[in-house]
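To start, the structure under review is shown below, and the notes come after it.
The values are calculated or read from the model by the stated rules, or taken from the named source; none is laboratory data. Owing to the predicted nature of the structure, the values given are computational and were not obtained by experimental measurement. Because the Cβ atoms are built from the backbone with ideal geometry, glycine has one as well, and the counts that use them run over all protein chains shown. Heavy atoms of the whole protein, side chains included, go into the accessibility calculation; ligands, DNA and RNA do not. Shrake-Rupley method; radii C 1.70, N 1.55, O 1.52, S 1.80 Å.
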Amino acid sequence: MGNDNTLVKVENLTKTFRIKRNVFLKAVDNTSFEIKSGETLGLVGESGCGKSTLGRCILRLIEPTGGTVEYNGTSMQALKGEELRQMRKKMQMVFQNPYSSLNPRMTIMDSVKAPLDVFNTGSKEEREQRVKEIMSVVGLDSKYLYRYPHEFSGGQRQRIVIARALISNPGFIVCDEPVSALDVSIRSQILNLMRDIQNEFGVAYLFISHDLSVVKHISNRIAVMYLGQIVEISDVDRLYEEPLHPYTQALISAIPIPDVGSKRERIILTGDIPSPIFPPTGCRFHNRCRYATERCRKECPTLKDCGIGHQAACHLYD
Ligand code: SF4
């Protein structure tokens, strides 16, 4: 299924946590998708559905239980020690809370320069020069370089974290809810910055968010996750105009429409969110789905192509 442009290829990735003896939580269950060079794949779903675990497994910040991840044709699972460390330069992560991502005792210069120091890249002067360049890319004046994280606003701190992720020139960044801790007024500034960076450097993003209106503005394609499984993947426009999976339909129906004259039927999900420790049999969504049949309770649907790369995991499309 890969093509020449594929940068990250995830196949059957699974992560199971042992909660206690004989009790397991399958946080990520057999997920497969690809991310092309320079594109943004949005990953959406309710909190606790396994999105962040999936992002961390791709980078091997936590070890997957099964499946494979390839970056530019190289298997992440095959890498050890120094090779894995070198690969981490190319695959970075931006976390939700920029304050806890920065060491409060380190100046911004030292924090942003740290990835270059770790890999001993260039001379001290070259590293400092690179920090100044990257600070200008994220829109911060280099006069702030010797200040500490608490002296900055939330939006400025997230710019600093983005600068640190960019400094080793990565091809791919996992962005885990990068704007959800920020004031609404500065979210669009950070999203615009991330888009500008992508246009300039061709970096690919996996953009994780619980908020469909946020991912819409930055993603080329979107994957929807429910209880550890990907239930739909599509180009962004098709997903919002013609969602196929009943779960996606419900999520999209809940997005407020700015035009007061327009109306959209709001689909209220009934039933409780099931425990990921004891997920429902068959389709995991069946206890909340208004189209559920007997087959749905017994048989788990797989992700199938429903045309022009639009994939959904639902028996309605067999
Ligand atoms: Fe609903 Fe059945 Fe489709 Fe699951 S497989 S989303 S229960 S119709």
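Please compute the modelled spin-label separation between ASP117 and ARG195, points set 7 Å along Cα→Cβ, answer in nm with one decimal.
3.6 nm
Helix 154-166 versus the longest principal axis of the chain: what is the Cα-based angle in degrees, 0 to 90, to the nearest 10?
80 degrees
Report the calculated FRET efficiency for ARG266 and THR107 (r = Cβ-Cβ distance, R0 = 30 Å), to the nearest 0.05.
So the FRET efficiency works out to roughly 0.05.
Got a sec? Charge dipole of the chain, +1 on Cβ for Lys and Arg, -1 for Asp and Glu; which of LEU193, LEU116, VAL23 is way out at the positive end?
VAL23
Using Cα-Cα distances under 8 Å and only pairs 6 or more residues apart, what relative contact order does the stretch 155-305 have, in percent?
In percent, rounded to a whole number, it is 15.
Which angle between 0 and 90 degrees, to the nearest 10, do you get for helix 81-90 versus the longest principal axis of the chain when only C-alpha atoms count?
90 degrees
Please list the three semi-axes, largest first and in whole Å, of the ellipsoid equivalent to the stretch 1-67, using sqrt of 5 times the eigenvalues of its alpha carbon gyration tensor.
25, 13, 9
Along its three principal axes, how long is the stretch 232-318 when you only count alpha carbons? Whole Å, largest extent first please.
Extents along the principal axes, in whole Å: 42, 31, 22.
So if I average 1/r over every pair of distinct C-alpha atoms in the stretch 66-224 and take the inverse, what Kirkwood radius in Å does that give?
After inverting the pairwise mean of 1/r, the radius is 16.5 Å.
How far, in degrees from 0 to 90, does helix 108-118 lean away from the longest principal axis of the Cα atoms of the chain, to the nearest 10?
Between the helix axis and the principal axis of the chain, the angle is about 80 degrees.
Considering just Cα atoms, how many Å³ per residue does the convex hull of the chain enclose? Mind showing how you got there, number by number?
Numbers: hull volume 49.7 nm³, N = 318.
Roughly 156 Å³ of hull volume per residue.
Report, to the nearest whole %, how much of the accessible area of the chain belongs to carbon and sulfur atoms, 1.4 Å probe, protein only.
48 percent
Tell me the relative contact order for the chain as a rounded percent, counting alpha carbon contacts under 8 Å between residues six or more apart.
Details: 563 pairs, mean separation 64.2, N = 318.
With pairs under 8 Å counted, the relative contact order is 20 percent.
From the cross-link list LYS36/LYS80; LYS80/LYS113; LYS51/LYS90; LYS26/LYS80; LYS9/LYS36; LYS89/LYS113, which pairs have alpha carbons spaced over 18 Å apart?
Beyond 18 Å between Cα atoms: LYS36/LYS80; LYS80/LYS113; LYS51/LYS90; LYS26/LYS80.
Between LYS132 and ARG85, what length in nm is gained on full extension when 0.36 nm per residue of separation is reduced by their alpha carbon distance? Mind dumping the intermediate values first?
Details: separation 47, 0.36 × 47 = 16.92 nm, distance 2.44 nm.
Once the chain is fully extended between LYS132 and ARG85, it gains 14.5 nm.
Before anything else, pin down the relative contact order of the stretch 1-119: Cα pairs under 8 Å, at least 6 apart, normalised by residue count, whole percent.
Working: 132 pairs, mean separation 29.3, N = 119.
The normalised contact order for the stretch 1-119 reaches 25 percent.
What list of ³J(HN,Hα) couplings, whole Hz, do you get for the stretch 11-22 from phi and the Karplus terms 6.51, -1.76, 1.60, once you set θ to phi - 60° and write x for glycine and proline?
Working through the residues one at a time gives 10, 6, 5, 9, 9, 10, 9, 8, 7, 7, 3, 6 Hz.
Give me the 1.4 Å probe accessible area per residue for the chain, excluding ligands and nucleic acids, in Å². Spell out each step's value before the answer.
Values: 15510 Å² over 318 residues.
Ligands and nucleic acids excluded, the figure is 49 Å² per residue.
Please report the spacing between the Cα centers of the stretch 274-306 and the stretch 153-178 in Å, no decimals.
37 Å
Note the full-extension length gain between SER75 and SER180 as 0.36 nm times their separation in residues minus their Cα-Cα distance, in nm to one decimal.
Computed gain between SER75 and SER180 is 34.6 nm.
So who's got an amide H within less than 5 Å of the one on GLY42, skipping anything under 5 residues away but keeping other chains? H placed 1.01 Å off N, in plane.
Here PHE207, ASN220, ARG221, ILE222, ALA223 satisfy the definition.
So how exposed is ARG297, as accessible area in Å² (1.4 Å probe, rounded to 10)?
Spelled out: ARG297, probe radius 1.4 Å, area about 90 Å².
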